Amino acid sequence: MTDGTAGATRRRLAQELAVVAGFEDPHAPLEQYHTPPDLAAHIVHVADLNGDIEERTVLDLGCGTGMLALGAALRGPDRVVGIDIDPAPLSTARENEQRVGAMTHVSWVRGDVTEPPLAPDGDTTVLMNPPFGAQSGNEGADRAFLKTAAAVSSVSYSVHNAGSESFVRAFAGDNGGGVTHAFAAEFELSRQFEHHGSDTQSIDTEVYRIEWE
């Protein structure tokens, strides 16, 4: 696939995901941020090119309103499961599934991803935008998500705050995994909490593909 064709495919996916609604009442302690369609499309597209979507089980850990799960559902997986501890965004995710109109049905499961309610058989990919652990009392939250990814998947894609490379590579190495791909990405945040000082803010993030033994 040429760069031009790949770019067009990614842009088309971002357009399809633009209809996905965000959080109606986001909770700051859970770091509930709407994953931008462009970023979700980039992650899903890279996963698809690496053979990590089609004919596999895809788990979206901390799925929120379903952006990554629905992106995967548009790319021919066997099964997609979105897991979140908060029931409110799961309700929105079900509505978003109707808006997107993916051929693959998504199972929306309420559960704590640090104690996953399922252990899928077969080839499994995790896509996730975990909390960065930026809120007081929530430090290390992304570590717990990575721990689950290591336990339930053979490959994972995860979004982390900029400057996380040494942590992610060390964690992967200590848990039978290895980083195979890494790329920087801007994360556009809309104002949704009182501590946000502007209507929109762009933060630097990093996305990692990890293969787990």
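The values are calculated or read from the model by the stated rules, or taken from the named source; none is laboratory data. None of the values given here were measured: they were computed from a predicted structure. Heads up, the Cβs are rebuilt from the backbone with ideal geometry, glycines too, and the neighbour counts pull from every protein chain shown. SASA here: full protein model, heavy atoms, side chains in, ligands and nucleic acids out. Shrake-Rupley method; radii C 1.70, N 1.55, O 1.52, S 1.80 Å.
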Practice task
Could you pull out every one of the strands (runs of 3 or more DSSP E) wholly within the stretch 154-213 that has 2 or more residues that are at pLDDT below 90 and open to solvent by 50 Å² or more (accessible area, probe 1.4 Å)?
Solution key: 177-190, 200-212
Problem - Looking only at the stretch 33-73, and only at residues there that are out of contact with any strand residue (DSSP E or B) (no Cβ under 9 Å at 6 or more places or on another chain) and closer than 23 Å to residue 121 by Cα, the one that is surrounded by the most Cβ atoms within 10 Å (Cβ to Cβ) - result: 48
Problem - Number of positions in the stretch 79-102 that are touching a strand residue (DSSP E or B) at 6+ places or on another chain (Cβ under 6 Å) and under 23 Å from residue 119 (Cβ atoms) - result: 8
Handout entry: Inter-residue pairs, beta-carbon under 6 Å, first closer than 11 Å to residue 113 by Cβ and in the stretch 126-145, second assigned to a helix (DSSP H, G or I) and at pLDDT 65 or above, 6+ apart
Key = 126/149; 128/145; 130/142; 130/145; 131/141
Problem - Residue that is nearest to residue 146 (Cα to Cα) [pool: residues in the stretch 74-115 that are touching an Asp or Glu at 6+ places or on another chain (Cβ under 6 Å) and buried (at least 24 other Cβ atoms within 10 Å of the Cβ)] - result: 82
Practice task
Starting from residues that are within 15 Å of residue 168 (Cβ to Cβ), touching a helix residue (DSSP H, G or I) at 6+ places or on another chain (Cβ under 8 Å) and of a type in the set (A, V, I, L, M, F, W, C), keep the ones in the stretch 100-149 and report whichever is modelled with the lowest pLDDT.
Solution key: 132
